[in-house]
1. Given the residues A:Met57, A:Met62, which is the only one that is outside the structural domain of A:Gly222 (by TED's automatic domain parsing), open to solvent by less than 50 Å² (accessible area, probe 1.4 Å) and within 16 Å of DNA strand C (Cβ to nearest atom)?
2. When B:Gly91 is evaluated against the numbered criteria (1) closer than 30 Å to A:Thr215 by Cβ; (2) open to solvent by 10 Å² or more (accessible area, probe 1.4 Å); (3) in contact with a Leu (Cβ under 7 Å, 6 or more places away or on another chain), which criterion, by number, is the only one it fails?
3. Just to be sure, is A:Thr371 under 18 Å from the mean Cα position of the chain (by Cα), surrounded by 17 or more Cβ atoms within 10 Å (Cβ to Cβ) and among the hydroxyl-bearing types (Ser, Thr, Tyr)?
4. Does the stretch A:171-193 contain any residue that is out of contact with any helix residue (DSSP H, G or I) (no Cβ under 6 Å at 6 or more places or on another chain) and under 25 Å from A:Gly313 (Cβ atoms)?
5. Condition test on B:Gly67, is it open to solvent by less than 60 Å² (accessible area, probe 1.4 Å) and more than 16 Å from DNA strand C (Cβ to nearest atom)?
6. Search the stretch B:41-54 for residues being surrounded by 13 or more Cβ atoms within 10 Å (Cβ to Cβ) and among the small types (Gly, Ala, Ser), and hand back the single one that is nearest to DNA strand D (Cβ to nearest atom).
7. Based on this model, can you work out whether A:Ser18 counts as within 13 Å of DNA strand C (Cβ to nearest atom), open to solvent by less than 70 Å² (accessible area, probe 1.4 Å), within 30 Å of B:Leu213 (Cβ to Cβ) and among the hydroxyl-bearing types (Ser, Thr, Tyr)?
Number of protein chains: 2
Amino acid sequence: MSASHRQIPGVNAERTRSHNRQMVLGSVRAAGAIGRAEIARASGLSTQAVSNIIADMLADGMLREHGRRTGGRGLPVQQYAINPSGGYGLGIEIRPNAVFSALIDLTGTTKHSHRTELTNNEPKTVLAEVAEHKFRALQDTGVRETSVLGAGVVMPGPFGATGIQNSGSDLPGWQDIDPQGLLEGALHLPVFVENDANASAMAERISGVAQGLETFAFLYFGQGLGLGLLQGGRLVSGAFGNAGEIGHIPVIAQGVPVALESCVSRLSVQAHLSAHGIDARDMDDLSRLYAQSAPPLLEWLDTAVQPFSAAIGIIENLFDPQVVILGGAMPDAVLDHLIDAVRLPDRSVSNRADRRQPRLMRGTSGRMTATLGAAALVLNQAFTPMIAASR
Amino acid sequence: MSASHRQIPGVNAERTRSHNRQMVLGSVRAAGAIGRAEIARASGLSTQAVSNIIADMLADGMLREHGRRTGGRGLPVQQYAINPSGGYGLGIEIRPNAVFSALIDLTGTTKHSHRTELTNNEPKTVLAEVAEHKFRALQDTGVRETSVLGAGVVMPGPFGATGIQNSGSDLPGWQDIDPQGLLEGALHLPVFVENDANASAMAERISGVAQGLETFAFLYFGQGLGLGLLQGGRLVSGAFGNAGEIGHIPVIAQGVPVALESCVSRLSVQAHLSAHGIDARDMDDLSRLYAQSAPPLLEWLDTAVQPFSAAIGIIENLFDPQVVILGGAMPDAVLDHLIDAVRLPDRSVSNRADRRQPRLMRGTSGRMTATLGAAALVLNQAFTPMIAASR
DNA sequence: CGTTTAACTCAACCAGCTTGAGTATTCAAG
DNA sequence: CTTGAATACTCAAGCTGGTTGAGTTAAACG
């Protein structure tokens, strides 16, 4: 959100431990079940160091024993796995007229979710509502407050004076304040604020179709169209946190240059249907129309395919992701239709001979994707150390 | 270059020291001259820790004393600055028919540069030539071998089976080998391989117009068109190292979808001029033509402006950079013309009210930009620790 | 059944950061 | 001019956390 000149922190013993704990947790998560020696080899630490960390994390309840694996030569490996109840992530999604929340455990399983309407979206009201969601999630699940590692919050963006004001989705009264600070005050938790596309990308990484992937793009159908980018497990969010505004890139439709999201987005399909006298308010309406093969919807899909294909080509060539994932507020069937209909460009860095995955996939987090993603931000933080591979 | 599953390393005392040294060097570089206490405050380390590191680096010759700064209350600050001769970066640019090299000191000043023609570009010939460049650079400057921190190497990409083979710029015989390993063997130095666009971006950060910037995009005019992306001082290079292939994104020219670089690139302008009977072999020819306001060149510029503007819009909205920088094998006057003529979209996250810098700038590294950038990769490594700010 | 292999533990060690006391130097106030 | 506050810096002891090397356990191999 803020700008450029953050100072890089130094490392001392305490931060070393924190990093190494995150590294171990990430290794266990990636492997499912793994022994100490293997983590030591992979990370370059000594077995003893890993052993000490694992003992710590067993005591904390973050890990649990997971049987011995035999078959090799020497002493059978004592394996460890993530203890689901070792920690939780709270996800909050704030929309102009509603608040959603989800509580997920360390393995990404949803333990609780909830939705309330907002009568107004002034900061005071929203903060109270958000605190109430947290209270309720803890009460309904019996999770202790100290087990919650943090809260991810998804809010309408972009923030700051960006030239894309009044895009219809922003919250009045939230322009010149510090949402993170306010939310930390209301929730008494570390708070991570992100936009819907970035959070959704994280949801797919933690509990969806992108598990095991580190570098991918997530194309998010919200009101408009957003893009979440992960490189090496970290979000690429630009200098001011507004990267991924793919909806605003210029494309040519019927010979006229327009914004991509005026052809490919929920608003766009709703406008098209509305012009044909069809009122499609939500995803269920769209699902029904698609199941009925409603001609105006198929028409819209036809017009959307070409700019959509162009967008995929742009994403692939600019980011070279392992895969592009589609998701958000669009029915699965419609997304699948787009994936089938798309004409992926041959001249793309992603069109490699040795691919194993498809270039395009549909996300599996469904309509709660942004809320789950908000919670996933917290887990990602717990699994991903600060240190990046040096080369 | 390689794929996804690199394991995150653990941190021990040794790596802690290495990180903190890089952090200190980066702080000194960013500040120009700075004292120990200030670095300690900014990094969160104790004064003593910083003091010890600085003592080390004075002994190594990386830093030098830079007078006391008085004016405040207490004891005047003993300041330190980068010692230019404390280390050097070697940059090598390999092209199908030539090898370029540059040696830069710790402050980014070019101490030596050289060019030789290649009669063939088999690995064996090229490796011998590259080693010869290193030998010559050291001999001509008197720099000791141990002072060279590493070598950056720029080679034609993209690598791997990417669907963009035979783009005319690749090196035959280099497809199925490990360039980094071979080069390290030939040079006896740590080697960083990058493409021309990424390296050029780094040149602007180390010694050009992007000093002090951490998140920006560099649009590189080579044979085609490439894009180098830095976020937080680190390259965004995608899952397979081929991010930034902006030349291949689809745009509409005269109603037909074509690759961007078929309208905006040196090949494109040369083709256009050639169709008008003008033979423009190199940048000097183009400069002359522009100075003469040659109508075919101005014509080409007119056709290029619209797709060029679209590309800038795409870059801004996908990356949210502090600035987009133009450079590479195109005369300054032509780049300036494009910057003047461009129609920057209003609907861009970069169109913010509180901007101080222009959205578009011309790079200052000139035609040696990729070679200097290769050398700059080494310095960036020395200045940028592995650890990223945690949020 | 001994040997080899591999994982793991124990205890001593070590690198590097922190802490707290002490010194040096400048400015400001009396 | 003297005294005190502020600030940078150093010294030495202490602490955290990773490393090292010897020793233990258990499975597989021959």
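1. A:Met57
2. Single failed check for B:Gly91: (2).
3. Yes, satisfied.
4. no
5. So B:Gly67 does not fit the description; no.
6. Here the answer is B:Ser51.
7. yes
Residue-wise test of (1) within 15 Å of DNA strand D (Cβ to nearest atom); (2) touching a Pro at 6+ places or on another chain (Cβ under 6 Å); (3) within 14 Å of chain B (Cβ to nearest Cβ).
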| site | (1), (2), (3) |
| --- | --- |
| A:Val11 | yes, no, yes |
| A:Met23 | yes, yes, yes |
| A:Ser27 | yes, no, yes |
| A:Ala30 | no, no, yes |
| A:Ile39 | yes, no, yes |
| A:Gln78 | yes, no, no |
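The values are calculated or read from the model by the stated rules, or taken from the named source; none is laboratory data. These numbers were taken from a predicted model, which means no experiment stands behind them. Note that we place each Cβ from the backbone using ideal geometry, even for glycine, and neighbour counts take in every protein chain shown. In case anyone asks, the SASA skips ligands and DNA or RNA and just uses the protein heavy atoms, side chains included. Shrake-Rupley method; radii C 1.70, N 1.55, O 1.52, S 1.80 Å.
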